[in-house]
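Structure record follows, encoded as structure tokens.
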């Protein structure tokens, strides 16, 4: 009975249908739009506003106006310009951490799932230890002890995030390696690493990339949190740092605290939405 | 069941050890004198420094030091915080109680409400309710909690002057008994509700999906075919089956009992473990930090144990797999 | 004629709505007299399960079903709400897979008691035990969870739940399909016994005419949503008008069986397994799956390995394919010892043999189109890149997927079950393998597909002198396709010889049990009178 329902759904081929499903979802379009806008800000913003970043005006702590849409800070700098410059930090940290965590996690997870039982157990114990350690606590301690710096923050976040990717990749590899077509590939005389690389990994990668999207969101939140508590990189503009310095003028100048927070929220929401939609589209269960 | 709990505990010990060793090595990686790592940046009396040198064998190799550190831990010797002028163990005990006052209602509320919301989103047929709950839970996950706390303070405490902005008790004394309780609740409301909203968002998302899946279960068809009333099907069959994935999330929230509210505590000045952690980082109070690590590791292990037991209670298949293993 | 218990007239069900709804049931009428046994047979997708579920309004709302037609129960018209009120009270239902159809978290006794509480609130506390006794289960079973029971026991619990309703009509949707033949025979006997005791009518949904002919007086054959043939069982069997009905009849008995042996027993075997042992697990929990089994397969012959689930036949196939390394024993392919080889030598040697798996989308890499799948196989056979496309088309046409060029850029999941199964054979041919190991290649396939695939395998075997190791649980399929049969039981080959001898005159007690339990299409009607 369900097969007849499914039959009509499989009429269109996989990738086409998925793309169409994504494009027909307003939420997916929203999150895609936000991400593109951010990328533009991060890429072009500094070229336009780079010189204005430190430009101070006499209008200190001025509220939103026609001239300074989002107001100015205690040195008279435009909040909007700083936010555009700060987008680069958030995006860089988010993407760099997510990409490194995904690549490392996927490699480790694939080898763990495809290798022997002993190696697998060893890797899984390590990821478990990472998972029980509270990520914000560890990140805060490491950054506090090592001293701040963008590269270190990326490294720390990636270090804390790879285990989730590794566990997911391993689960997928374990599931796929038991499928008939992998046995069929072995019977063709393929080498084990060839089977892993050419038959298993390409089919395991979709949920891992979806998870990567969610890690971008987590990483941006984590970076902002560190910066908010004064553990950010001191020489780079970032949204979290704006919130941190806005705290001092919390009662006089609400715009210093509200707008960067909105920016963080919308960005993280966009990546979470994207991950959510991707998961829905790639989940085979959602097809019927 | 006893055997099951023992086997789970046996599994947990290596995890605690690993966490402790990692943290020990981490603090040893800091440039500078290990004495600093043991007493913090605060100037300490010289005879205490000498005693520490002997006690931890600071001239010995790192591994001997690690052994001594673990031995001292086992004896409940966590050191002294000069910054707070208190033995670390007392400090942590006091702050843990405060965090529990904040977090226990949060966990209960967020679990119950999260499950109910997820169920509502999955079960009823009005589409906009489902969409709204999904959007709220996704939004809840994306809000920087330190920021939303500030905005709330700005609105409710500063602008409307409805609730106290900071701390756990009013600074002006309050009579003990009922007035003190009301005072505590007033202070709890903002941090408590923010933390509840965040945890609830996570629970509701998982609950919604697992209820949807449980409703498609074949046993639901059987129950319908035998003429069971809808309520019996929903609460007798769908609910227990849908709870299994939810337990994982609630367990995860439980794991974050002490650390999940660092940001909330710091923003609202709630004198709990999280607030202690942030201030100890700022003051480089290593003995306290190491004490917090130990507390966190223990809570994590207990939370995992509790989750596993909960699993076994709900799902007989899990019970059997442990008996066999 | 008395008022029928249930009558359905001109029922149509379609799914999906919108511009192109899928019509699953198309103008079906049938009626069941009180106490009668009626069967609906058909392949998957024929609409028979949809029909059964519509009776109690159990179709999932997500599929957006639209139901047209009239129902009457006991002479009274039934709309959807009234049909829902029949649930459990007048009509009970038993499903195919009792593991997923029982709540995994609740003791089975409580699940039965729950049904009793609705329909018989005044029932005595020991009523559950009584019901368990009626389905021949011990009272202690009440405390068990579904996963602790065997498939047969679970199905008995389902039947006890149906009895707890005290219903006058039992709808059984493929009640024994997930079970082994010997368990199937027990469950069928139980249903017949209970019908004799309670006078309950039966609507049996099945794909197996053998089962139908032992249970029912009347049969409706469904094909693509329509009833194409209906009447008393004996009459339909004797005068089947549709090709589809005829192939159904043939599938339940041994027809068109090859005569004699295909190969000279003195000839050296191409595939030889000897004294194979394999255990899983360690210490006291170790399970010995293979206990010194062996087979020999010669050029041009088909050897069927039959046995029930858990007998070890699939593990033996995996050992033969070098996918599982045995603990002990010898494995020879083309006279060469595979177990003694280095990994590299094994990689080259193993390609003389190739598997054909049970049809599913999992048999092919979902990211490769047909050309990619066959190209890989042709590369193994040493076909240069430039010639692969032409050769792929050639191989596709050999398995009657023509024109081959039309399939090259399709994905396996876009093809029908029958086409996919032929693609699997094409892939095996493309490697140039001389030995095929087919593990339940046709289980789950509908009879119409089955016949065509068997014919194709025979044709290819004749052309290329293929040796085929054919693993199946279906005795009649083994009888009609294989030259020789080996019967496997608890990790050992208990009997082996020409198909005709083994199945027509089994000597080993287990084989005798297996053969007598396999439902055969009786052209005389049911063995147990209603």
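FYI, it's all coordinate maths here, none of it is from the lab. Because the structure is a prediction, the values reported are computed rather than measured. Virtual Cβ from ideal backbone geometry, glycine too; neighbours counted across all protein chains shown.
Observations
- Point-to-point label distance, residue C:348-residue B:313, nm (Cα→Cβ direction, 7 Å offset): 6.4 nm
- Anisotropy class of region B:138-286 from Cα gyration tensor, a/c 1.5 cut: prolate
- Contour excess over end-to-end distance, with Cα ends at residue C:367 and residue C:246 and 0.36 nm allotted per residue: 39.7 nm
- Sites residue A:155 and residue B:193 - FRET efficiency at Förster radius 25 Å, r taken between beta-carbons, to 0.05: 0.10
- Annotation: the residues B:48, C:280, sorted from fewest to most other C-beta atoms within 10 Å of their own C-beta, follow the order C:280, B:48.
- Relative contact order of region C:322-432, defined on C-alpha pairs under 8 angstrom at six or more residues apart (%): 31 percent
- Gap separating the Cα centres of region A:121-135 and region B:223-260, nearest whole Å: 27 Å
- Judged by the mean number of other Cβ atoms found within 10 Å, the most tightly packed of the peptides A:170-178, C:502-510, C:219-227 leads the ranking C:219-227, A:170-178, C:502-510.
- Normalised Debye scattering of region C:6-256 at q = 0.10 Å⁻¹ gives log10 I(q)/I(0) of -0.49, counting only Cα atoms as equal scatterers and leaving out solvent.
- Between region C:348-401 and region C:214-230, the Cα center-to-center distance that results, in Å: 39 Å
- For region A:101-116 versus region C:326-346, the spacing of their alpha-carbon centroids is 31 Å.
- Normalised by the number of residues in chain B, the mean separation of alpha-carbon contacts (under 8 Å, six or more apart) gives a relative contact order of 27 percent.
- In degrees, nearest ten, helix A:254-282 long axis to first principal axis of chain A (Cα): 10 degrees
- Whether region C:272-314 is rounded, prolate or oblate, judged on the alpha carbon gyration tensor where a/c under 1.5 counts as rounded: oblate
- Using the Cα coordinates of region C:271-517, the gyration tensor eigenvalues translate into equivalent-ellipsoid semi-axes of 31, 22, 16 Å, sorted from longest to shortest.
- Segment residue C:285-residue C:385, extension gain: residue separation times 0.36 nm, minus the distance between their alpha carbons: 31.0 nm
- Simple spin-label estimate for residue B:129 and residue C:405 in nanometres, 7 Å along Cα-Cβ: 5.8 nm
- The angle separating the long axis of helix C:447-464 from the principal Cα axis of greatest extent in chain C is about 10 degrees.
- The stretch between residue A:47 and residue A:197, if pulled fully straight at 0.36 nm per residue, gains 49.9 nm over its current Cα-Cα span.
- Evaluated over region B:223-306, the Cα radius of gyration and Dmax, each in Å: 20.3, 67
- Within a Gaussian network of chain A (alpha carbon springs, distance under 10 Å), most fluctuating of A:218, A:186, A:67: A:67
- Entry note, region C:6-256: relative contact order of 27 percent, from Cα contacts under 8 Å with a spacing of 6+ residues.
- Across q = 0.11 Å⁻¹, chain C modelled as identical point scatterers on its alpha-carbon atoms has Debye log10 I(q)/I(0) values of -1.07, in the order of the q list.
- Region C:110-227 - Rg (one decimal) and Dmax (whole number), Cα, Å: 15.1, 47
- Calculated FRET efficiency for the pair residue B:169/residue B:54, C-beta based, R₀ 41 Å, to 0.05: 0.50
- Between residue B:116 and residue B:2, the FRET efficiency from the beta-carbon distance, with R0 = 45 Å, is close to 0.85.
- Projected-area average for the protein assembly as shown over all orientations - Cα convex hull basis, square nanometres: 54.3 nm²
- Sorting C:181-189, A:98-106, B:173-181 by average packing, meaning the other beta carbons within 10 Å per residue, from highest down gives A:98-106, C:181-189, B:173-181.
- Helix A:150-177 axis, angle to chain A major axis (alpha carbon atoms, nearest 10°): 20 degrees
- Label-point gap, in nm, between residue B:184 and residue A:282 - each point 7 angstrom along Cα→Cβ: 4.7 nm
- Quarter of Cα convex hull surface for region C:9-66, i.e. mean projection, nm²: 4.5 nm²
- Shape call, chain B: gyration tensor on alpha carbons, a/c limit 1.5: oblate
- Most fluctuating residue given options B:139, B:149, B:272, as computed from a GNM of chain B linking Cα atoms under 10 Å: B:139
- GNM top mover of B:225, B:312, B:54 - chain B, alpha-carbon springs below 10 Å: B:225
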